[in-house]
Amino acid sequence: MAGKALEVTDGNFHDVIMNAEVPALVDFWAVWCGPCRVVAPIVEELAEEYAGRAVIGKMDVDQNKQVATQLGIQAIPTLLIVKGGQIADRIVGVVDKNSLRARLDALL
């Protein structure tokens with residue numbers, strides 16, 4: 001679905017993110033996390049801007065603990081950018097849209 005961040009789960013993480021044919025950005029977040037609420041609208045805007053060029057997803061770490069644990073996500077928000085099945089970038093904490101866009105563009 002273009003223009004909206006995909007809901008990523010433990011069950012679909014590998015198909016949606018790791019096996020994506022284009023770079024994929026996934027935002028690890030939780031409902032109770034204040035800084036996550038700052039990053040959330042940026043992630044949604046990027047989903048719209050990068051529709052067709054990158055996969056943009058969000059993963060609620062309270063609902064999906066398995067992948068977050070496997071990837072060593074210890075603080076949220078954490079954003080991972082995956083390219084070719086490999087983690088190409090890891091951003092921990094609040095980041096502004098231009099910085100996030102630059103890091104994503106570097107992998108397109």
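Of note:
- When residues of segment 77-88 are limited to those that are farther than 13 Å from Asp27 by Cβ and touching a strand residue (DSSP E or B) at 6+ places or on another chain (Cβ under 8 Å), the one surrounded by the fewest Cβ atoms within 10 Å (Cβ to Cβ): Ile87
- Evaluation of Pro35 against the conditions (1) under 12 Å from the mean Cα position of the chain (by Cα); (2) under 16 Å from Ile73 (Cα atoms) shows that the sole unmet condition is (1).
- The number of residues in segment 35-73 that are within 15 Å of Lys97 (Cβ to Cβ), in contact with an Asp or Glu (Cβ under 9 Å, 6 or more places away or on another chain) and of a type in the set (Gly, Ala, Ser) comes to 1.
- Asp15 vs. criteria among the acidic types (Asp, Glu) and surrounded by 12 or more Cβ atoms within 10 Å (Cβ to Cβ): no
Just so you know, all these numbers are worked out from the coordinates, no wet-lab data involved. Fair warning: this is a prediction, and the values are worked out from it, not measured in the lab. Here Cβ is always computed from backbone atoms with ideal geometry, including for glycine, and neighbour counts include all displayed protein chains.
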